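First comes the structure, then the notes that go with it.
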């Protein structure tokens with residue numbers, strides 16, 4: 001067990017360093033590095049720790065694994081009808097002007113959806129972060145156009161800085177297009193689907209969902225960050241929410 005934990009800790013640390021070098025800085029990478037350090041320290045001290053510490057260690061491992069599994073299952077149970085009026089694609093980090101692999105997965109799902117329901121409008125959501133040269137929505141629009149989506153079918157929401165704002169600002173825009181109301185489906189990565197669905201309801205949008213594939217080497221960092229974000233949402237729901245989380 002000691003050697004197994006040491007290997008896990010070292011692999012997580014190497015992965016965190018790799019992601020730090022190739023992706024934008026985010027809390028998830030720091031958190032993964034911190035967790036990796038704790039696992040390595042725990043492994044090195046394994047033989048000197050009392051039984052009660054080991055029990056606590058098991059609990060601290062099992063709970064996040066169950067939490068992560070629940071998020072993954074929810075995020076991979078798509079419920080779109082492919083007849084919605086609008087596809088809401090949530091933003092993610094870009095490097096300079098290029099979409100990240102994570103964001104590309106979301107946009108590819110939007111392209112697939114459009115081929116099955118070409119009457120739908122696609123709204124791409126995301127403002128400009130401090131490590132980004134242009135708004136995420138603009139980079140997303142360019143990607144979709146390069147994939148053959150007609151520009152007239154794409155709407156940009158370029159002000160948001162959070163998932164809740166993605167939906168809140170998107171709703172304001174879409175109300176002008178659909179004054180009588182609209183049906184929608186949100187697209188994000190599978191780890192993010194649960195929280196996105198709940199935040200959409202907070203913003204007054206009832207949407208189906210499609211979970212895009214998450215690259216295997218980003219699973220630890222994305223799920224660690226997402227679990228914290230979900231807990232924060234439960235404890236501190238967004239201000240001005242229009243609908244309760246169910």
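Each row is one residue, and each column tells you yes or no for (1) within 19 Å of the chain's Cα centre (by Cα); (2) over 30 Å from residue 147 (Cα atoms).
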residue: 19; (1), (2): yes, no
residue: 38; (1), (2): no, yes
residue: 55; (1), (2): no, yes
residue: 76; (1), (2): yes, no
residue: 80; (1), (2): yes, no
residue: 83; (1), (2): no, no
residue: 90; (1), (2): yes, no
residue: 95; (1), (2): yes, no
residue: 99; (1), (2): yes, no
Those residues of segment 101-133 which are over 19 Å from the mean Cα position of the chain (by Cα) and modelled with pLDDT under 95 amount to 133
Over segment 187-242, the set of residues on the phi > 0 side of the Ramachandran plot and at pLDDT 95 or above is none
From the option list 75, 57, single residue qualifying as closer than 28 Å to residue 201 by Cα and either out of contact with any strand residue (DSSP E or B) (no Cβ under 6 Å at 6 or more places or on another chain) or surrounded by 19 or more Cβ atoms within 10 Å (Cβ to Cβ) (or both) is 75
Residue hits (segment 106-143; out of contact with any strand residue (DSSP E or B) (no Cβ under 6 Å at 6 or more places or on another chain) and surrounded by 21 or more Cβ atoms within 10 Å (Cβ to Cβ)) are 107, 114, 126, 135
If I filter segment 81-99 for residues that are modelled with pLDDT of 95 or more and in a helix (DSSP H, G or I), do I get at least one hit?
no
The residue that is farthest from residue 191 (Cα to Cα), considering only those in segment 207-227 that are in contact with a helix residue (DSSP H, G or I) (Cβ under 7 Å, 6 or more places away or on another chain) and not in a helix (DSSP H, G or I), is 207
Assess whether residue 148 counts as being under 18 Å from residue 107 (Cα atoms), in a strand (DSSP E or B) and in contact with a helix residue (DSSP H, G or I) (Cβ under 9 Å, 6 or more places away or on another chain). no
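The values are calculated or read from the model by the stated rules, or taken from the named source; none is laboratory data. These numbers were taken from a predicted model, which means no experiment stands behind them. No Cβ is skipped: glycine too gets one built from the backbone with ideal geometry, and neighbour counts run over all protein chains shown.
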